[in-house]
1. Would you mind getting the accessible area per residue of chain B, heavy atoms of the protein chains only, 1.4 Å probe, in Å²?
2. Let me know the charge dipole size of the range A:4-212 about its Cα centre in debye, to the nearest 20, where only the beta-carbon of Lys, Arg (+1) and Asp, Glu (-1) is charged.
3. Each residue of the range A:147-160 in turn: what ³J(HN,Hα) in whole Hz from Karplus with 6.51, -1.76, 1.60 and θ = phi - 60°, glycine and Pro shown as x?
4. For peptide A:211-220, compute the average count of partner chain beta-carbon atoms within 10 Å of each residue's beta-carbon.
5. Ignoring ligands, DNA and RNA, what accessible area per residue does the range A:4-212 give at 1.4 Å, in Å²?
6. Which shape class applies to the range A:1-119: rounded if a/c is under 1.5, otherwise prolate when a/b exceeds b/c and oblate if not, where a ≥ b ≥ c are the square roots of the Cα gyration tensor eigenvalues?
7. What's the percent breakdown of Cα-Cα distances in chain B across 10 Å bins, shortest bin first?
8. What shape does chain A take by its C-alpha gyration tensor, where a ≥ b ≥ c are the square roots of the eigenvalues and a/c under 1.5 counts as rounded, a/b above b/c as prolate, and the rest as oblate?
Amino acid sequence: METTFFTTQLIPALNRGLVMSIKLIIPSGMFGLVLGIVIGTLRTFGPSAIRKAANGYAAVFRGTPLLVQLFILYFGLPNLGIYLDAYAASVTGFILCSSAYHSEYIRGGLLSIKKGQLLAAESMGFSTFKTMFHIIVPQAIRKALPGCSNEIIYLIKYSSLAYIITCIELTGEGKIIATRTFRYTEVFLFLGFYYLVLVTMASFMLQKIEQKYKIPGFGKA
Amino acid sequence: MLAKEAMTMTQEKPILRVENISKTLGGKEILNSVSLSLNKGELKVLIGPSGAGKSTLLQCINFLLPPDSGRVWLDGVEIQNRRKRDLYAFRQQVGMIFQDFNLFDHLNALDNVSIALRKVKKMRRPEARDRAMAELERVGLGDKIDLYPAELSGGQKQRVSIARALAMDPKIMLLDEPTSALDPELIGEVLSVIHDLAHGGMTMLLATHQIAFTRSLANEVIFLENGIILEQGTPAELLSPNACTRSRDFCSRLDDLYKEKA
């Protein structure tokens, strides 16, 4: 079996795609989580009007296909005079979508925290915002971490949708080579392996974070 | 004229004054126009059956539960609880101890005590740490600063929560049944901390079922039932064996209960 196809064509292309994928995943994962924490907190503790708006946000972004959201951002917004390039549209779409899912995990975390934590903080003069920021949300994030990790791993894989709106990342590069050479089996096996490595590394890091923020007395000793 | 002035001079100004607090929760009247006041260094004890409104009253005093009506003064200044800034400043001066401790689960003992110093009082980290250390040592937990709430016994948790309140330099403390969630053998360590506080001159309003403790330390007993103050007086007046009061009746029943348990 000749190896030049792999060394000169496939691997360089996939590596190029990998760099683009990482450029998509890291900001989407980080800002998606931060926005998700904000939305989740507003959905749980916000004043009624804001709570409803945040619930509506989650309903829309969880209720429509991500691909449709990307199409609207990339092909629809120019009608309103907003031009996003393929990369910006992809990252925006991923942040909005994953934050909606994160918000649900965070909400679950927040609901599990006893009201006494709130009372204790407020009784010492913490403002509502400080109570949330320093006492309630840090605990909720810890409880939501396994769910949020799940969402980040999912994000790694759905970042492949970016190639459909012409942001050529890992899957996009693979697809181009495959259609040009008709070597679908080798290309997509390799592609799958790249994602497997990415996800394995991410799981490992997320697990480390989970361990670092583990609270003694919760879960297995 | 002069005599009148002298009169007002000798009359001690209460550090905490609460007037006509009423609160309805879920259509049920929990507090009906309750008034009380505490002078500096006094320990007043709230007793009464469960559901009498003791916890509600304590939470209304620092507006954790906003009362439907009623006014609160600290050091002669009325609290305008609608002004957030004033409310937060007021709460810093009122330490609160809860029946189930309410320590922050994600922080170790030291951070539980120091976090409000850093985030509310804007103290720098090293100073906050020193102060927190000092308070934890004061309640006998200088060797437990790295432990998390789940790693402490009930009595230790409650002592951390007392240290946490003391670190804020409160003018008064509200204690909501601080020993009711504790095993009998752990009650003593918490009571001894409260005992020391009382001797140190801390002004305290304490809801408790510890009758012996009340007899020996309270300046005044306030008996609350169905949201009103039924009786009020010194322990000797209300609780002595030949007193013919509702409070004595209640306490002797409690005493019997504890004897049965023991």
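1. It amounts to 47 Å² per residue over chain B.
2. Using only the charged Cβ atoms, the result is roughly 500 debye.
3. Once θ is set to phi - 60°, the couplings for the range A:147-160 become x, 5, 4, 4, 5, 5, 5, 5, 4, 4, 7, 6, 5, 5 Hz.
4. 3
5. 49 Å²
6. Oblate shape, in that a/c is at least 1.5 and b/c is the bigger or equal ratio.
7. 7, 28, 34, 23, 7, 1, 0
8. oblate
The values are calculated or read from the model by the stated rules, or taken from the named source; none is laboratory data. Treat the numbers as computed from the prediction; the structure is a model and nothing was measured. Ideal geometry is used to build each Cβ from the backbone, glycine not excepted, and the neighbour counts take in all protein chains shown. Note: areas computed on protein heavy atoms with side chains; ligands, DNA, RNA excluded. Shrake-Rupley method; radii C 1.70, N 1.55, O 1.52, S 1.80 Å.
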